[in-house]
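What follows is a set of notes on a single structure, which appears directly below.
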Amino acid sequence: MRKIITIILVFTALAVYQNVHAEETSCQACHAKLNGRLSEPVTQWKNSVHHQAGISCTNCHGGDPAARSESSAHNEKTGWIGKPGPIKSVRICGNCHGNELFMKKFDPNARTDQLKNYLTSNHGINIMFKKDGKGATCVSCHGAHDVLKAMNPQSHVYPTRVVETCAKCHADKKLMAKYGISGNEVSEYKKSVHAKALYEGHDLFAPTCNDCHGNHGAVPPKAASIEDVCGLCHALDQKLFNESPHKAWKESGLRGCMECHGNHAILKPTDAMLAPGKGICLKCHETGEKALKTMNTMYSTLTGLKRKMENTKKLVDTASEKGMPMDDALLILQEARNSYIKSHTAIHKFNAAYVQQTAQGAFKEVIKAQKIAHARIAEIKKRRAFFYWFGAVIILLILLLSIKIRIMVKKKKRLP
Amino acid sequence: MMKEKMLNWVEERFDLSAIRHLTREKTVPVHRYTPFYYFGGLALFFFVVQIVTGILLMLYYKPTGENAYESIRTIMTQVRFGWLIRSIHVWGTNLMMLAVLLHTFAKYFLKAYRKPRELTWISGFFLLVLALGFSFTGHPLPWNEFAYFAAKIGTASIGSVPLVGPWLLEAIRGGQGVTGNTISRLFALHVVVLPLVTIGLVILHLLFVQIQGSSVPIKVKPVGEIPFFPNFFLRDLRVWMGALIVLVGLATFIPAELGKKAAQFASAPAGLKPDWYFLPMYQILKWIPSTILGISGELIGIGLISTGALLILVVPFLDVKASREEESTWFTVIGVFVLFVFMLAITIYAKLY
Amino acid sequence: MNASRRKFLDGLLGLFSLAGLAALAYPILRYITPIKKREDSTLSVVASKINVLTPNTGKLFKFGSKPGILIMTPEGKYRAFSAVCTHLGCIVQYSSKDQQIWCPCHNGWFDLNGHVVSGPPPRDLERYTVFIKGQDIIVKKEKA
């Protein structure tokens, strides 16, 4: 049975493949001459990955590419379908992109699970099952004719462009209201540290919409999975969090990382989040609880470390400005910065002793750098002291010499 | 009496009359411009400082692309007093240029170049050029970012000299680009060729002064004269000690920087400008458009600068009046406006903008 | 009286001249004395002694003003890389369990050739040349 299926699949694949290699067709010849939206697809398609792969108009739209007249080309008997509707278009894309044997011809690593994933997503459910015609289909994100590989900078789903692509619908508050979505997500995301890394830092690996929500199986990460999603990059934080008193957050109906950091507008965390009297812990914990004591200790440890680092940096800069080479101290400070970051990660265990212990490493390094800076500044003082003594001796010499010169002049005057 | 015996022993074998003349009979005229006589000695003092600190730097410096920067780093961070020696050498360049320029201006305004001292002026002119040459060849040696671009831009203008330019450019760079080969060549020029030529020329320059005595400005009657040795020499010594304090003080309070190691493909750091004594030339080259009537602007700039230098060189022959001991007001006016005011203004302008 | 005063002045002058000369000679003599320390260099550096690392371990070392990481592969070969993560500049570490280099800041992974395996780092780690000279493991940067 399996053999038969394989044979059938191979044959269908071969059949499609043969169709694919067509020369300049009458579709292009006619449509290129038309205006506006009837000719645009030709140029768009010519720049697309489908053109490169030899996928032509008829592979999606049907019809007869060898026909000489419009009516014979656009004949439903030759399978012409015109502009496919949303459901049809998803099926057309899926025909090839869900076919392992076909896709592997172009890329041995090509994925073919997109359609399967799509059918599990809210987009897919709305289109394919609820048939409301409003959800996103393949072409909503990838484009209909100008389809490019995801990592092509011109592609609609390239990291720096994908947010705008999602925003086409998701920033539309009226449309989103129907689905119980606020429509603020995109503008909130743009305030986040992730957006900053993406747009200002040009970091293509900074998370965009699809890195947390998935791309084809776009579903909101439910509370159950949010921590794992964040943990993909913030692995240490996740590990510590699971060792913390908060590890039972699911049972208590909380939303993990999101409770403190938010979801779309994830700002750069600051020490102020732990500030006594106004820290974020106060959202749940009440005054007098042990948790707040932990918060205060963590706060004073981290801010103390920060102050110490800033002061040391200033000291190193001072020595550097006065002409001392400070490479070694700067290296130690860089290492201390690493420990500084680690001690911030350590917060997620919500154990004051652990944070103090981690910060200790950074403290040790900072003190090392501080010692070097102090030694260099002492060296500057020594150098200057040497100069003052030297200068004093020479000035005295100059004075004595002046007296001698004066005596010589007097002697000379007396002689003749 | 031991001293006399020894002197007699030498005298029987060598004629010491020249030295005796210097110590006993050489005098310096006294008039209101006498302080102007100090600048030459000051320049000489700084030159000696440069030789001494230069020899010391050579003990640790390694003139190759791989090691030049690291060896300077070693000098600055590990060798005891290395920072002082290098900082003095760097500051010494600036102070020596200042002394040489003041000496030149002083001699120009006092018309010390007039007959019979034309040759003294000419040898002095070449010493000025050599001083610039020292800076030009020495600056790239630490091989830091700034040094690298100084070498690159500095040598590039040599390439526009007609006919021999391209060859000369490659000869100095040791290839098409500025590389480790360039260091070797500039180093050889800086520590062997230029010092040999300069020391020879300094001796000649001093010999002229020795034979002809100090020049007295036109229509100035000296009120008397003092023996060069020891009276004037002690005064010189006093000035030198003052200069030494300034030099060591600058080196202590504003030590020379190490900068970043040169990287061949890095882009030039912003605000890159040559040393202050090259600023007039730099600014003139910058002002001239890239082409004038089909001739390259750089070539015209170099032509202009060379013409100016040539005019300064032949001033003793142009200023006929002065050689007749008549006051040549025109030359003083040109000197004030072109040499002094213009140069100063252009230097300040280039420094600020 | 006058003569003795002059003699005193000459004596003082001589004394201070000696002091001045000594102040000049001292730094020069100290300068000439060769330094004992190994010359520091940003092109090559002694990363470790041999017999410090065992197979499948790694250690950090100072390379000029930047950290480097020296690794002994499970096969007992030495490899060295820049320890500065190409993502946000954190210092990477060797994970013996995974036999890979790991950056703890955003979970970036590099293989034993310094190539990015997963996570946000945009570029591979810079690789250095390693050779053994006597008791020292020397790490060298290719020409700057």
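Brief remarks follow.
- B:V216 of a type outside the set (K, R), assigned to a helix (DSSP H, G or I) and either surrounded by fewer than 19 Cβ atoms within 10 Å (Cβ to Cβ) or without any contact (Cβ under 8 Å) to a residue 40 or more places away in the chain (or both): no
For every residue, the table says whether it meets (1) surrounded by 14 or more Cβ atoms within 10 Å (Cβ to Cβ); (2) out of contact with any Asp or Glu (no Cβ under 9 Å at 6 or more places or on another chain); (3) among the hydroxyl-bearing types (S, T, Y).
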{"site": "A:H142", "(1), (2), (3)": "yes, yes, no"}
{"site": "A:H145", "(1), (2), (3)": "yes, no, no"}
{"site": "A:V157", "(1), (2), (3)": "yes, yes, no"}
{"site": "A:T165", "(1), (2), (3)": "yes, yes, yes"}
{"site": "A:C169", "(1), (2), (3)": "yes, yes, no"}
{"site": "A:G180", "(1), (2), (3)": "no, yes, no"}
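- The single condition among (1) over 30 Å from B:M58 (Cβ atoms); (2) without any contact (Cβ under 8 Å) to a residue 40 or more places away in the chain; (3) out of contact with any Cys (no Cβ under 6 Å at 6 or more places or on another chain); (4) not acidic (D, E) that C:A19 does not meet is (1).
- Selected residue (criterion: nearest to the other protein chains (Cβ to nearest Cβ)) from residues of the range B:232-243 that are more than 22 Å from B:K111 (Cβ to Cβ) and touching a residue at least 24 places away in the same chain (Cβ under 8 Å): B:R235
- The criterion of at least 3 residues that are more than 27 Å from A:H348 (Cα to Cα) is met, among helices (runs of 4 or more DSSP H) falling completely within the range A:135-241, by A:138-142, A:159-170, A:173-177.
- Counting only helices (runs of 4 or more DSSP H) that fall entirely inside the range B:298-353 and contain at least 1 residues that are surrounded by fewer than 14 Cβ atoms within 10 Å (Cβ to Cβ), of a type in the set (D, E, K, R) and under 24 Å from the mean Cα position of the chain (by Cα), the qualifying elements are B:343-352.
- Every condition in (1) in a loop (DSSP other than H, G, I, E, B); (2) more than 10 Å from every other protein chain (Cβ to nearest Cβ) holds for C:Y128 except the one numbered (1).
- Identity of the residue in the range B:107-131, aromatic (F, W, Y) and modelled with pLDDT under 95, that ends up nearest to the chain's Cα centre (by Cα): B:Y108
- When A:I341, A:I395, A:I407, A:I372 are checked against the criterion of being in contact (Cβ under 8 Å) with a residue 40 or more places away in the chain and in a helix (DSSP H, G or I), A:I372 stands alone in meeting it.
- Among the residues making up the range C:63-79, those that are part of a strand (DSSP E or B) and either under 30 Å from A:M326 (Cβ atoms) or under 10 Å from the mean Cα position of the chain (by Cα) (or both) are C:F63, C:K66, C:P67, C:G68, C:I69, C:L70, C:I71.
- Among the residues of the range C:89-103, those that are in contact with a Phe, Trp or Tyr (Cβ under 9 Å, 6 or more places away or on another chain) and among the polar types (S, T, N, Q) comprise C:Q93, C:S95, C:Q100.
- Any pair with Cβ under 8 angstrom, 6 or more apart, that starts in the range B:110-128 at a residue that is farther than 15 Å from B:F36 by Cβ and ends at one that is modelled with pLDDT of 95 or more and small (G, A, S): none
- In the range A:302-314, the count of residues that are under 29 Å from A:K116 (Cβ atoms) and either in a helix (DSSP H, G or I) or hydroxyl-bearing (S, T, Y) (or both) is zero.
- Here C:Q93 passes the criteria (1) within 30 Å of B:E70 (Cα to Cα); (2) in contact (Cβ under 8 Å) with a residue 24 or more places away in the chain; (3) more than 10 Å from chain A (Cβ to nearest Cβ) except the one numbered (3).
- Test: A:H216 is buried (at least 16 other Cβ atoms within 10 Å of the Cβ) and in contact with a Pro (Cβ under 6 Å, 6 or more places away or on another chain): no
- Looking only at the range C:33-51, and only at residues there that are touching a Leu at 6+ places or on another chain (Cβ under 9 Å) and surrounded by 13 or more Cβ atoms within 10 Å (Cβ to Cβ), the one that is modelled with the highest pLDDT: C:S48
- Qualifying residue in the range B:185-199 (condition: closer than 20 Å to B:I19 by Cβ, away from chain A (no Cβ under 14 Å) and either surrounded by fewer than 18 Cβ atoms within 10 Å (Cβ to Cβ) or modelled with pLDDT under 95 (or both)): yes
- Within the option set A:A336, A:A378, being away from chain C (no Cβ under 14 Å) and part of a helix (DSSP H, G or I) holds for one residue only, A:A378.
- Residues within the range A:65-77 that are surrounded by 19 or more Cβ atoms within 10 Å (Cβ to Cβ) and either at pLDDT 85 or above or part of a loop (DSSP other than H, G, I, E, B) (or both), tallied: 1
- From the options B:T74, B:T53, B:T104, B:T93, residue that is without any contact (Cβ under 8 Å) to a residue 60 or more places away in the chain and within 13 Å of the chain's Cα centre (by Cα): B:T104
- The single condition among (1) without any contact (Cβ under 8 Å) to a residue 24 or more places away in the chain; (2) assigned to a strand (DSSP E or B) that C:H106 does not meet is (2).
- Restricting the range B:274-297 to residues that are surrounded by 14 or more Cβ atoms within 10 Å (Cβ to Cβ) and part of a loop (DSSP other than H, G, I, E, B), the residue that is nearest to the other protein chains (Cβ to nearest Cβ): B:D275
The values are calculated or read from the model by the stated rules, or taken from the named source; none is laboratory data. Treat the numbers as computed from the prediction; the structure is a model and nothing was measured. No Cβ is skipped: glycine too gets one built from the backbone with ideal geometry, and neighbour counts run over all protein chains shown.
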